[in-house]
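Novice: Mind having a look at this structure? Questions to follow.
The values are calculated or read from the model by the stated rules, or taken from the named source; none is laboratory data. As the structure is a computational prediction, the values presented were derived from the model and not from experiment. Virtual Cβ from ideal backbone geometry, glycine too; neighbours counted across all protein chains shown.
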Amino acid sequence: MKNPDSTYHVMGLTRYVDDQDFPQRGLHCVVFFSPVAKGKVRKLDISRAAEVRGVDFILTARDIPGENQIGGIIEDEILMAEDEVDFVGMPMAAVYGRTEEAAREAVELIEVDIEEETPILDPREAYEKNELIAPVRTFTLGNTEEAIAGAAYVARGRAESGAQEHFYLETQATIATPTEEGNIFLSTGTQAPTSVQRCVAKVCGYPMNKIEVDVRRLGGAFGGKEDQANTWACFAALGAQKSGLPCRMVLRRSEDMLATGKRHPYSSDFTLALDREGKFLAYKAMFYQNAGAAADLSTSVLERTLFHATASYYVPHVHATAASCRTNITPNTAFRGFGGPQGMFVFEAAIREASRVSGISVEELQRKNLLKTGDLLSYGQIAENARAERCWDRALEKYELPKRMKAIDNQREKEKTSGKLERYGRGYALMPVCFGISFTTTFLNQARAHIHVYTDGSVGVSTGAVEMGQGVNHKIREIVSESFGIDGTHIKLESTNTTRVSNSSPTAASSGADFNGAAALMACEMIKERLFKYMASTLECKAEDLSLKDGRLYQKESPCEESWEDVVIQAYRARVQLSAEAHYSTPDLHFDKSTEKGHPFAYHTYGTAYFEAEVDRLLGTYRVEKAYVVHDLGRSINPLIDLGQVEGGMVQGIGWLTMEEMRYAESGRPLTATAGTYKMPDISSAPVDMKVEFLEDAYNDRAVKGSKAVGEPPFMYGIGAYWAIKRAAGTDFCSYTAPLTPERLMGETRGNRPD
Ligand code: QUE
Ligand code: MOS
């Protein structure tokens, strides 16, 4: 079934937050950001700004009626600075004007005097100074030291991965409208409507029931609107609360890039021990996460790094420690993969180092150690129905990879023997992915759906899922359409609204369709059961014999007189309830943080990607030419949507490790916080030749209708592109540092390590 959203997107008819009509009398909020990364606030003078024509009022920390506190997991983040500033881009004051221009003019006139202190930018330095967001965590399995002592080869090294800007097309945006009795309605761009509701209530000093959050759709999010939408919703709400007028808060691109958190940079140490045949024996790792100035979701991100520390491989002895380190940059946040990519990147680096010290090829090490069904993971869960080997082997066969790899190896051999380097070098890499599906915070694995069948047979569906371009609404439409046996055009996906579906988890962790789709299916079943019971009584047949298909009622295999619409109106007249609410919670999940063991994931998603890259060794430029993937999606609910997720995720992953570089001056000021200074991957950086096969015969009995979650896992394929480029340049074993920008690659080919 075609996703109707695609038509509206292409025609430019889709409406985002700032496309709504905004009343002329409404206020526009513009925030004043700290220009300093760390220091004591001596003076914050808003007097000149307040005199600007068209400015109604300016709020600072002490004007907040509720709490100046927006921390979600840990209460360590304030909305506006008080006596100190912790990062460049920290909100210090909010100006509310009759026009955006007036508010911007006023912001320029705010004066601050900040006693500057030396900021901490490096997570290792923060760790040394004991600047930790939370106590370190360690996952252990077996006896690592003993295994390392008895190993044939031991590889040691260090790996670095960088930040990543989400670059959602729609910047952070909220319109807050006061309704009666001081209540506030927020139309906002968030992945977590309940989180916005809770946060705004706290800052406004209200109970949650006075705040209604409504989300139609987002123009992209990628994790960047999970916790970080709260801040901007609070500013809009505060303005509406104080003035009684609608209030609009929409960030400019440069403000968004300056003030919102990114993917966490990591600096990591690894030790990988193997036996003579190349079997992994033990893995030791220490991860230093650059959390930024406050916790945000960092501790959960850190946890996922540990869950994915050994990537797609079985390692019998593991000792992985991770520290969330407080620094003076924007609090970093969720970003597709949520710490998983950072962990897996380090392990893939360890494999390269292991290949260097053992002389065993990277691909042999990878294939030999892939997870198998029954393998025990460091966190106590056993890999069930592991499809790592199936995906790998299928990729080799389907894309004739041994032949391809051989041809590239031959060029390299020729260069080695002749001692003459060609200008253009080619390289390949395989990247297996295994990603655990579920929120690792167990209680978040729940969702609700509310379905109305109207008397004309049309259907309205509300869930806690937020549509952000990933197609979750359409997947749910497909599920409802199949269950009721009616065409998708009769089914409307309502906005995500906290008054219709409450206490929703963020749409995150790749599980929006899993949970909300399952809840929607349950609600459909409840309504169907009532309809069949009633129709069985009028038709004098058994309810079990009735079904709905092609817009019609069926008794056993034969169509009845009654269409779907007839059934609905007859049931209504017989006073049958035509609405249902259902609650889904993922079964069998548990995790004990005191032992770091349990069963945190409903299942794992697997896949393998093969990359070929070409490097111009003279210029340091490169192209990722081929990306061939075999991905396990279970039984896809909508293959076209899933294909888009796999391709898009992969390109985003390539961007993270190759061209996207967030740089900071020593003062802590970001140097690349504009669209003009930060290089995003685009259509021309996508692999020219991209092929994706979904693993066949791959039904998954742990998610709705046999499907598998798709959002995050493909991101990590991008790691393979990094290694393909390095091999093409002949620097595969030289400095495991990302992003691999052309200038870094040049440095590496010249033998100097820029880092
Ligand atoms: C992927 C994940 C998680 C996630 C987001 C992802 C995850 C998780 C959370 C989380 C935890 C606590 C919160 C919250 C979200 O988010 O595992 O809002 O308060 O626990 O993209 O795996
Ligand atoms: Mo998350 S990184 O919002 O799935």
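Novice: Is there any pair with a first residue in region 493-519 that is aromatic (Phe, Trp, Tyr) and a second that is more than 14 Å from ligand 1 (Cβ to nearest atom) whose Cβ atoms are under 6 Å apart and which are 6 or more apart or on different chains, and what are they?
Specialist: As it stands, the answer is PHE515/TYR584, since those pairs meet every condition given.
Novice: Another question, if that's okay. With the structure loaded, tell me whether ARG552 is closer than 26 Å to ASN473 by Cα, in contact with an Asp or Glu (Cβ under 9 Å, 6 or more places away or on another chain) and away from ligand 1 (no atom under 16 Å from the Cβ) or whether it fails that test.
Specialist: For ARG552, the condition - closer than 26 Å to ASN473 by Cα, in contact with an Asp or Glu (Cβ under 9 Å, 6 or more places away or on another chain) and away from ligand 1 (no atom under 16 Å from the Cβ) - is met.
Novice: Related question: Answer yes or no as to whether ASN385 is more than 16 Å from ligand 2 (Cβ to nearest atom) and either outside any helix (DSSP H, G or I) or of a type in the set (A, V, I, L, M) (or both).
Specialist: yes
Novice: Among (1) farther than 30 Å from LEU251 by Cβ; (2) of a type in the set (Phe, Trp, Tyr); (3) in contact with a Lys or Arg (Cβ under 7 Å, 6 or more places away or on another chain), there is one condition TYR717 misses while meeting the rest; what is its number?
Specialist: (3)
Novice: Only one residue in ARG356, ARG304 is of a type in the set (Lys, Arg), farther than 30 Å from LEU671 by Cβ and either touching a residue at least 40 places away in the same chain (Cβ under 8 Å) or more than 16 Å from ligand 1 (Cβ to nearest atom) (or both), so which one is that? Even if it seems obvious, please write down each step before you answer.
Specialist: Values: ARG304 fails: farther than 30 Å from LEU671 by Cβ.
Being of a type in the set (Lys, Arg), farther than 30 Å from LEU671 by Cβ and either touching a residue at least 40 places away in the same chain (Cβ under 8 Å) or more than 16 Å from ligand 1 (Cβ to nearest atom) (or both) holds for just one of ARG356, ARG304, which is ARG356.
Novice: Spot the failing condition for ALA291; the list is (1) in contact with a Pro (Cβ under 9 Å, 6 or more places away or on another chain); (2) among the aliphatic types (A, V, I, L, M); (3) more than 16 Å from ligand 2 (Cβ to nearest atom), and only one is missed.
Specialist: If we test ALA291 against (1) in contact with a Pro (Cβ under 9 Å, 6 or more places away or on another chain); (2) among the aliphatic types (A, V, I, L, M); (3) more than 16 Å from ligand 2 (Cβ to nearest atom), just (3) comes out false.
Novice: Looking only at region 232-246, filter to residues that are touching a Ser or Thr at 6+ places or on another chain (Cβ under 8 Å) and not in a loop (DSSP other than H, G, I, E, B); which one of those is nearest to ASP122 (Cα to Cα)?
Specialist: So the residue we want is TRP232.
Novice: If you take the residues in region 456-481 that are within 16 Å of ligand 2 (Cβ to nearest atom) and part of a loop (DSSP other than H, G, I, E, B), which one is farthest from ASN445 (Cα to Cα)?
Specialist: Restricting to residues being within 16 Å of ligand 2 (Cβ to nearest atom) and part of a loop (DSSP other than H, G, I, E, B), the top hit is GLY469.
Novice: Would you point out the residue of region 182-197, among those that are of a type in the set (Val, Ile, Thr) and within 14 Å of ligand 1 (Cβ to nearest atom), that is nearest to the chain's Cα centre (by Cα)?
Specialist: Going through region 182-197, the residues of a type in the set (Val, Ile, Thr) turn out to be 184, 188, 190, 194, 196.
Now restrict to residues that are within 14 Å of ligand 1 (Cβ to nearest atom): 190, 194, 196.
Working: THR190: 13, THR194: 18, VAL196: 18 Å.
If we take residues in region 182-197 being of a type in the set (Val, Ile, Thr) and within 14 Å of ligand 1 (Cβ to nearest atom), then THR190 is nearest to the chain's Cα centre (by Cα).
Novice: For region 179-198, give me each residue that is more than 20 Å from ALA509 (Cα to Cα) and within 16 Å of ligand 2 (Cβ to nearest atom).
Specialist: The answer is THR188, and nothing else.
Novice: Just to verify a result, which residue in region 47-87, among those that are over 24 Å from CYS199 (Cβ atoms) and β-branched (Val, Ile, Thr), is surrounded by the fewest Cβ atoms within 10 Å (Cβ to Cβ)? It would help to see each step written out before you state the result.
Specialist: First pass over region 47-87, keeping only residues over 24 Å from CYS199 (Cβ atoms): 47-55.
Subsequent filtering for residues that are β-branched (Val, Ile, Thr) retains 52, 55.
Values: VAL52: 19, VAL55: 24.
Only one residue tops the list, namely VAL52.
Novice: Would you pick out the residues in region 310-335 that are of a type in the set (Ser, Thr, Tyr) and not in a loop (DSSP other than H, G, I, E, B)?
Specialist: TYR313, THR321, SER324
Novice: Here is a follow-up. Take the conditions at pLDDT 95 or above, of a type in the set (S, T, N, Q) and touching a strand residue (DSSP E or B) at 6+ places or on another chain (Cβ under 6 Å) and apply them to THR118. Does it pass? Steps first, answer last, please.
Specialist: Details: at pLDDT 95 or above: yes; of a type in the set (S, T, N, Q): yes; touching a strand residue (DSSP E or B) at 6+ places or on another chain (Cβ under 6 Å): no.
Answer is no for this residue.
Novice: In region 103-130, how many are surrounded by fewer than 19 Cβ atoms within 10 Å (Cβ to Cβ) and not in a strand (DSSP E or B)? Quick ask: steps written out before the conclusion?
Specialist: Start the filter on region 103-130 by keeping residues that are surrounded by fewer than 19 Cβ atoms within 10 Å (Cβ to Cβ), which leaves 104-105, 108-109, 111, 113, 115-118, 122, 124-125, 128-130.
Those still in the list that are not in a strand (DSSP E or B) too: 104-105, 108-109, 117-118, 122, 124-125, 128-130.
Selection size over region 103-130: 12.
Novice: Also, I was wondering about something else. May I ask you to verify whether GLY219 is more than 16 Å from ligand 2 (Cβ to nearest atom) and either over 24 Å from the mean Cα position of the chain (by Cα) or of a type in the set (Gly, Ala, Ser) (or both)? Reasoning before the result, please.
Specialist: Details: more than 16 Å from ligand 2 (Cβ to nearest atom): no; either over 24 Å from the mean Cα position of the chain (by Cα) or of a type in the set (Gly, Ala, Ser) (or both): yes.
Taking the combined requirement at face value, the residue does not satisfy it.
Novice: Under the condition of being within 16 Å of ligand 2 (Cβ to nearest atom) and among the hydrophobic types (A, V, I, L, M, F, W, C), which residue from region 506-521 is nearest to ALA229 (Cα to Cα)?
Specialist: The qualifying residue nearest to ALA229 (Cα to Cα) is ALA508.
Novice: If you don't mind, there's one more thing I want to ask. If you take the residues in region 198-228 that are small (Gly, Ala, Ser) and in a loop (DSSP other than H, G, I, E, B), which one is nearest to ligand 1 (Cβ to nearest atom)?
Specialist: The residue in question is GLY223.
Novice: Would you be able to say whether some residue in region 482-505 is within 30 Å of PHE335 (Cβ to Cβ), within 14 Å of ligand 2 (Cβ to nearest atom) and among the small types (Gly, Ala, Ser)?
Specialist: yes
Novice: Being in contact with a Leu (Cβ under 6 Å, 6 or more places away or on another chain) and either surrounded by fewer than 24 Cβ atoms within 10 Å (Cβ to Cβ) or acidic (Asp, Glu) (or both) is the filter here, so list the residues in region 484-534 that pass it. Let's see the steps before the verdict.
Specialist: Within region 484-534, the subset in contact with a Leu (Cβ under 6 Å, 6 or more places away or on another chain) is 484-485, 505, 532.
Residues satisfying the conditions are GLY485, PHE532.
Novice: I've got another one for you. Going by the conditions given, is TYR628 among the hydroxyl-bearing types (Ser, Thr, Tyr), assigned to a strand (DSSP E or B) and farther than 30 Å from THR749 by Cβ?
Specialist: Against the criterion (among the hydroxyl-bearing types (Ser, Thr, Tyr), assigned to a strand (DSSP E or B) and farther than 30 Å from THR749 by Cβ), TYR628 does not qualify.
Novice: Next question, about the same structure. Based on this model, can you work out whether ARG448 counts as more than 16 Å from ligand 2 (Cβ to nearest atom) and either at pLDDT below 95 or over 25 Å from ARG352 (Cα atoms) (or both)?
Specialist: yes
Novice: Taking GLU467 and the conditions (1) among the acidic types (Asp, Glu); (2) over 25 Å from ASP566 (Cβ atoms); (3) more than 24 Å from the chain's Cα centre (by Cα), which numbered condition does it fall short on, given that it satisfies the others?
Specialist: (3)
Novice: Something else now. Just need a number here: residues in region 463-513 that are of a type in the set (Ser, Thr, Tyr) and within 16 Å of ligand 1 (Cβ to nearest atom).
Specialist: 8
Novice: Taking the options GLU226, GLU255, name whichever one is within 15 Å of ligand 2 (Cβ to nearest atom), touching a residue at least 12 places away in the same chain (Cβ under 8 Å) and closer than 29 Å to ILE64 by Cα.
Specialist: Just one listed residue meets the conditions, GLU226.
Novice: Let me ask something additional. Run down PHE338, PHE347 and say which single residue is part of a loop (DSSP other than H, G, I, E, B), surrounded by 24 or more Cβ atoms within 10 Å (Cβ to Cβ) and among the aromatic types (Phe, Trp, Tyr).
Specialist: Residue meeting the stated conditions: PHE338.
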